[in-house]
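Notes to accompany the following structure.
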Amino acid sequence: MQQPVGGSACASDTQCVQFRSDQTGGSSKHEKTSRLGEYACVDGTCRYVVQAGELCRTADDCAAFHTNVRLGLNVSSSSWCAPEFCSLESTCGGAWTLPGAPEDSPPGTESRRPVTNGTVTCCRGLPANSQCALIGASVDTCSSGYTCDSHGLCVSQEPHQQQVWIGVLLVLVGGATLNIGLNIQKYAFRKHQSRLPAQETTEDKSDGTPPEPEPEPPGRARRFRARLQNLPIGNPYWAIGLVVFVLGNATNFIALQFAPQSLVAPLGAVALVTNVIVAPLLNKERIGLFDVGGIALIIAGCVIVVVFSGIAQQNLRLCMLIQLLRARPTVIYLCIISVAIAATYVFLWSVERALKLSESETTNRTALDKWIRPIPQSSRYVRYGLPLAYASMGSLMAALTTLFAKSLVNLLSTSLFDHENQFTSFLPWCILLVTVFTAASQVYWINQGLLRYDALLQVPVFYVVWTVLDIIGGGIYFNEFKLFTTVKYVLFTLGVAVIFSGVGLLSNRLKST
């Protein structure tokens with residue numbers, strides 16, 4: 001039976017790390033260069049110490065406390081292990097569940113939900129710009145949000161600037177690519193619609209008499225066939241546009257790994273600039289002064305939002321994602337999005353049905369039709385409501401896609417690069433399925449809008465609603481607003497207001513739909 005590492009005699013931290021590595025096989029190529037907890041040589045014996053925010057029983061469990069002792073600073077052990085240093089992630093496994101960690105872990109280690117009632121205590125870290133060191137050659141001793149740099153000082157742990165620029169570049173390329181895909185699909189729809197009357201004419205018999213009518217299929221089959229006839233599925237342009245659209249979305253999802261959601265989302269406004277160039281070329285849609293002014297305001301608003309948005313880039317494990325998902329603000333946000341999707345769908349169905357009832361007296365009536373009043377084509381629900389509803393439906397689905405895709409990217413990154421498989425339970429696969437479903441739904445509703453209305457209207461409205469929801473979702477779910485000041489809140493709100501003023505100018509196009 002192997003001897004426990006804790007309590008073994010030592011002369012240096014290296015000996016303790018080697019003892020642990022010999023027992024756990026931690027010296028393999030899969031060993032992480034940094035750990036949440038590791039054995040260090042304290043007073044001649046190996047002791048397990050953990051970084052800031054991890055569970056502790058006493059100050060002796062905290063790496064930062066021992067760093068101060070080694071630096072010869074006068075410290076009181078009573079101020080290093082307390083409830084105020086705990087966070088959501090503290091009871092999410094962490095240091096005490098790593099290979100080689102002691103079995104006698106502090107209370108709260110096995111908790112399946114965050115403990116915030118003060119019954120658990122966590123380690124304090126060293127503040128900004130203070131002297132620091134890596135205990136056990138791998139445990140950072142700085143406070144949460146800071147890291148010990150090569151000069152032995154605690155510095156801000158914001159995303160590396162190079163990584164952020166990679167994310168910015170990816171989202172700019174992805175946004176432009178995505179928009180080109182949308183406009184190619186719109187081009188395919190326009191070509192398909194122009195060919196339908198010609199196909200009906202060529203199907204007439206050579207003697208001028210119409211062909212024998214085919215047997216009418218049942219109601220559901222008839223509606224399904226009618227929908228298929230309105231979609232250019234066999235058109236190569238539509239297929240190319242769909243592939244380009246998917247590639248653009250995939251690029252945006254990859255960008256989420258390098259930059260926070262609240263920064264990635266507004267930069268999607270580059271697609272609006274692309275839309276101004278591509279839509280008139282491909283789809284012969286005229287662009288006016290209101291369109292240019294509206295897009296300019298939208299871009300200006302997005303720039304303001306980017307400058308004053310929250311920055312919080314981090315790789316989150318499944319346990320932490322579950323904690324964030326259970327948080328009350330996240331639950332409220334997801335409920336609001338779900339209700340909005342249901343309400344928008346009901347609006348679309350009822351208005352489309354009311355319009356159909358007014359255009360045809362032979363339409364087969366259903367039990368629900370008694371609650372629907374026929375409306376003319378000139379109704380404001382048709383002219384204003386339907387175009388905005390189709391674009392908003394795609395945006396709502398896209399917001400959910402981005403939120404769950406960001407979670408999926410975190411899980412994949414942790415599994416592939418940190419060698420901690422996160423796909424060992426049902427929930428990660430559920431996140432994957434939700435991402436795929438909402439992504440497919442997003443494509444469907446965007447295409448339904450493009451089938452009926454101008455890309456110069458659908459694309460800007462889609463992106464604006466999507467951007468605002470993405471920023472709010474990232475701020476709520478991933479806590480990207482936690483460092484916001486009053487000035488940032490005011491200017492962030494100003495940016496959103498400028499974006500909506502741009503939408504107001506674009507709404508002039510509704511008059512010609």
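In table form, for the structure just shown:
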read-out	value
Inter-residue pairs, beta-carbon under 6 Å, first open to solvent by 10 Å² or more (accessible area, probe 1.4 Å) and in the stretch 284-295, second in a loop (DSSP other than H, G, I, E, B) and at pLDDT 80 or above, 6+ apart	none
Residues of the stretch 209-253 classified as closer than 15 Å to GLN185 by Cα, at pLDDT 80 or above and of a type in the set (A, V, I, L, M), total	7
Residues satisfying the stated conditions in the stretch 73-102, i.e. touching a Phe, Trp or Tyr at 6+ places or on another chain (Cβ under 9 Å) and crowded, with 19+ Cβ neighbours inside 10 Å	TRP80, CYS81, ALA95, TRP96, GLY100, ALA101
Members of the stretch 31-71 found to be among the basic types (Lys, Arg) and farther than 17 Å from GLN15 by Cβ, listed by number	LYS32, ARG57
Cross-chain or 6+ apart pairs with Cβ under 7 Å, the stretch 73-85 first and closer than 14 Å to LEU55 by Cα and modelled with pLDDT under 75, then among the hydrophobic types (A, V, I, L, M, F, W, C) and open to solvent by less than 70 Å² (accessible area, probe 1.4 Å)	none
Tally of residues being open to solvent by 10 Å² or more (accessible area, probe 1.4 Å), small (Gly, Ala, Ser) and more than 19 Å from the chain's Cα centre (by Cα) across the stretch 416-460	1
Number of the condition not met by LEU281 [criteria: (1) modelled with pLDDT of 75 or more; (2) surrounded by fewer than 21 Cβ atoms within 10 Å (Cβ to Cβ); (3) within 28 Å of ALA188 (Cα to Cα)]	(1)
Residue in the stretch 132-148 that is modelled with the lowest pLDDT, counting only those that are more than 32 Å from the chain's Cα centre (by Cα) and assigned to a loop (DSSP other than H, G, I, E, B)	ALA137
Residue that is modelled with pLDDT under 80, among the polar types (S, T, N, Q) and in a loop (DSSP other than H, G, I, E, B), where the choices are ASN117, ASN129	ASN117
Residue, farthest from LEU169 (Cα to Cα), within the stretch 254-271, restricted to residues that are at pLDDT 75 or above and open to solvent by 20 Å² or more (accessible area, probe 1.4 Å)	GLN257
Qualifying residue in the stretch 383-393 (condition: part of a helix (DSSP H, G or I), at pLDDT below 85 and more than 16 Å from LEU469 (Cα to Cα))	yes
All positions within the stretch 392-422 that are in contact (Cβ under 8 Å) with a residue 12 or more places away in the chain and aliphatic (A, V, I, L, M)	MET393, LEU396, MET397, ALA398, ALA399, LEU400, LEU403, ALA405, LEU408, VAL409, LEU411
Matching option when the condition is among the aliphatic types (A, V, I, L, M) and at pLDDT below 75, among VAL351, VAL306	VAL306
Residue that is modelled with the lowest pLDDT [pool: residues in the stretch 21-41 that are crowded, with 21+ Cβ neighbours inside 10 Å and touching an Asp or Glu at 6+ places or on another chain (Cβ under 7 Å)]	LEU36
Identity of the residue in the stretch 461-491, modelled with pLDDT under 80, among the aromatic types (Phe, Trp, Tyr) and within 15 Å of PRO260 (Cα to Cα), that ends up surrounded by the most Cβ atoms within 10 Å (Cβ to Cβ)	PHE481
Those residues of the stretch 50-72 which are farther than 21 Å from ALA137 by Cβ and open to solvent by 20 Å² or more (accessible area, probe 1.4 Å), in sequence order	ARG57, THR58
Any chance ARG57 is charged (D, E, K, R) and modelled with pLDDT of 75 or more	yes
Condition check for LEU494: within 16 Å of the chain's Cα centre (by Cα) and modelled with pLDDT of 85 or more	no
Flag if GLU110 is farther than 30 Å from ALA250 by Cβ and modelled with pLDDT under 85	yes
Residues that are within 22 Å of ILE336 (Cβ to Cβ) and touching a Ser or Thr at 6+ places or on another chain (Cβ under 9 Å), drawn from the stretch 409-436	ILE431, VAL434, THR435
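One line per residue, one yes/no per condition, for (1) over 29 Å from LEU247 (Cβ atoms); (2) touching a Phe, Trp or Tyr at 6+ places or on another chain (Cβ under 6 Å); (3) part of a helix (DSSP H, G or I):
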{"residue": "THR438", "(1), (2), (3)": "no, no, yes"}
{"residue": "GLN442", "(1), (2), (3)": "no, no, yes"}
{"residue": "LEU451", "(1), (2), (3)": "no, yes, yes"}
{"residue": "TRP466", "(1), (2), (3)": "no, no, yes"}
{"residue": "ILE471", "(1), (2), (3)": "no, no, yes"}
{"residue": "GLY474", "(1), (2), (3)": "no, no, yes"}
{"residue": "VAL498", "(1), (2), (3)": "yes, no, yes"}
{"residue": "GLY502", "(1), (2), (3)": "no, no, yes"}
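The values are calculated or read from the model by the stated rules, or taken from the named source; none is laboratory data. The structure displayed is predicted, hence computed values, not measured ones. Glycine gets a Cβ as well: all are built from the backbone with ideal geometry, and neighbour counts include every protein chain shown. SASA here: full protein model, heavy atoms, side chains in, ligands and nucleic acids out. Shrake-Rupley method; radii C 1.70, N 1.55, O 1.52, S 1.80 Å.
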